[in-house]
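Okay, so here's the structure we're looking at.
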Amino acid sequence: MKFQVLDIIPHLKNPLTGQIVSTAERLNQVVETARAAESLGYDSFSVGERHAGEFISSSPTTVLAAIAAVTRRIRLQSGVTVLSVLDPVRVAEDYATIDQLSRGRLELVIGKGNEVLQYPLFGLSLDDQWELLAEKYGLLRRLWREENVTWSGRFRPALTEETTTTPRPFAGAPRIWHGSATTLTSAALAAQWGDPLFTANAIQPRENYKVLIDHYREEYERHGHDPRHQYLGSGSGAGGVFVADTTQEAKRQFGPVYEALTAGRNVPGNNSPFRDIDHAVAEGPALVGSPEQVIDKILSYHELYGHDLQSISLPTTLPFAQQLDILERFATDVIPAVRAAAPTTLWEAADPYGRRPAFADALEPDAAAAVERDHTLHRSNHALAH
């Protein structure tokens, strides 16, 4: 199994102490966590996107670019890029820039988002969220895979002149995953294109997510895609991972924080049924407990889901030094056992995207030729505009 650290950059007070760090400090913590995750051997780091609520992740591309500048190996992902409210041309440009900065380490995770207030903010109707996602994804795929694109659709002005976005991705189109949390639609869209799925596995009982995963697998097979590349990622529950010497000690230390945060969240239709720490540890997706407890829980989910990528999120209201300690202990005491028990071909030689240049010791694309090509495209687009 591979391992991802996800930060959707919540900016919250510690519910017990009332302490909160500044916006600047919180954003810098994300970058420092990514550096630490790389040094500890995690496989990827993901930055979320929210445009409402108590989050400061409205510009994930900026944060990922900062991370790209201070890391060398770890893959960079989004979690999720809220494509339904964005312009695919802008998304293609911004994330291709990050792909270039990181020398081919980018993979996108797209979705319609988990915050209904985002739609009126961008002048869009919530009723159109799924149609927006499908249409914009179709255009994004073409912009990364083709040059001289013309296009028309329902929600965006047509590209009547031949359009080639620049910069181009570092070495072919980055892989795109689909985030899935509540309905069959995202799972079906991923299966239609033969893309991997990322189940949120955040607040609901595992059986709810299993329904979406099963639908994805059935549709993936129906569309005739190669089953060897049917990769699946899984989240780890709202609240964050917490590892201690014993499960009882983990619950004693983290339980009051978890329960206060859970009690303070009141979003009808989007609240966890696991209100207390005992229930969350016993039956919910939260990864809280001794190393053995956490290992067993991940493997029990793997037995049900068959996932290849496990995502974790740190409890970001705790002191930052404590967060880094948890990150290190998870890497040391949990990851090796799970890797050994649940191997995967994701990002290995058998995975087509495992061979992108930054990870296969391949030569970079011919720099001079690439620069000249970008300049030619720029001159061509400029001529069309004037």
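The values are calculated or read from the model by the stated rules, or taken from the named source; none is laboratory data. Quick caveat, the model's predicted, so the values are computed rather than measured. All Cβ positions, glycine included, derive from the backbone under ideal geometry; neighbour counts span all protein chains shown. Surface areas here come from the heavy atoms of the whole protein model, side chains and all, with no ligands, DNA or RNA. Shrake-Rupley method; radii C 1.70, N 1.55, O 1.52, S 1.80 Å.
Numbers below:
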{"item": "Unit charges on C-beta of K, R, D, E only; dipole of the chain, Debye", "result": "300"}
{"item": "21 Å Cα cut-off, lysine pairs counted over the chain (separation 8 or more, or different chains)", "result": "7"}
{"item": "Probe 1.4 Å, protein heavy atoms only - accessible area per residue of segment 147-245 in square angstrom", "result": "42"}
{"item": "Per residue convex hull volume, Cα atoms of segment 86-201, in Å³", "result": "111"}
{"item": "Three-way shape label, segment 218-313, alpha-carbon gyration tensor, a/c 1.5", "result": "oblate"}
{"item": "Accessible area of segment 125-238 belonging to carbon and sulfur atoms, whole % at 1.4 Å probe", "result": "48"}
{"item": "Where segment 1-92 is the region considered: accessible area per residue in Å², 1.4 Å probe", "result": "36"}
{"item": "Compactness of segment 288-362 as Cα Rg over 2.2 N^0.38 Å, two decimals", "result": "1.31"}
{"item": "Folded to 0 to 90 degrees: helix 129-145 orientation relative to the chain principal axis, Cα", "result": "60"}
{"item": "For segment 188-255: rounded, prolate or oblate by the Cα gyration tensor [a/c cutoff 1.5]", "result": "prolate"}
{"item": "Compactness index (Cα Rg / 2.2 N^0.38 Å), segment 1-49", "result": "1.29"}
{"item": "Tensor-based shape of segment 25-161 (alpha-carbon gyration tensor, a/c under 1.5 rounded, otherwise prolate or oblate)", "result": "oblate"}
{"item": "Electrostatic dipole magnitude of segment 4-69 [Cβ: Lys, Arg +1; Asp, Glu -1; Cα centre; debye, to 20]", "result": "160"}
{"item": "Nearest 10 degrees, 0 to 90: helix 60-70 Cα axis against the chain principal axis", "result": "80"}
{"item": "Translational D in µm²/s for the chain (Stokes-Einstein at 25 °C, 0.890 mPa s, Kirkwood Rh from C-alpha pairs)", "result": "114"}
